[in-house]
Amino acid sequence: MNMQELDSEYREKTDSELLRLAMNREQLTPEANVALSGELARRRIHSRTHLEAARLEEQDRLAENEKSIGTLGFFPLFGAGRMRFGRAGRLYDAGSNLERFKTTVFIVLPPYTHGNISGRAEPGLTR
């Protein structure tokens with residue numbers, strides 16, 4: 001990517017996304033670091049205070065991700081439950097502390113039988 005493309009891409013990102021990138025500058029190319037510094041300065045969010053607040057917010061977000069999302073139904077001992085995989089297109093609103101994302105949820109339910117199953121053995125036959 002050239003500098004103009006990087007500038008354009010960073011201009012479209014939210015403050016939180018830019019600050020998250022700033023926490024991992026060692027993973028960026030030199031050109032990306034220059035573009036990121038320019039955009040952070042343009043938005044006036046380039047101070048250590050902003051970066052530290054973003055770091056704390058990220059720690060809270062990661063801790064929230066680690067929480068159990070619980071189980072479904074009344075049979076947790078029999079393997080019923082749900083599990084979430086991934087967070088695509090994540091948008092976080094710091095003001096309301098809400099986030100939107102796309103995810104895949106797998107739901108596992110135990111087998112369910114309805115009615116009685118009975119058999120009748122014929123005299124003289126063994127099972």
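See the values below:
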read-out	value
Single residue of Arg55, Arg42, Arg61 found to be basic (Lys, Arg), within 14 Å of Lys13 (Cα to Cα) and surrounded by 12 or more Cβ atoms within 10 Å (Cβ to Cβ)	Arg42
Flag if Arg20 is under 21 Å from Gly89 (Cβ atoms), in the same structural domain as Asp60 (by TED's automatic domain parsing), part of a helix (DSSP H, G or I) and free of Cβ contacts under 8 Å to residues at least 60 places away in the same chain	yes
Only listed residue being within 20 Å of Asn97 (Cβ to Cβ) and not assigned by TED's automatic domain parsing to the domain that holds Glu99, chosen from Glu39, Glu12, Glu57, Glu26	Glu57
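The values are calculated or read from the model by the stated rules, or taken from the named source; none is laboratory data. The shown structure was predicted, so the numbers you read here are calculated from the model rather than taken from an experiment. Methodologically, a virtual Cβ is constructed for each residue, glycine included, from the backbone with ideal geometry; neighbour enumeration extends over all protein chains shown.
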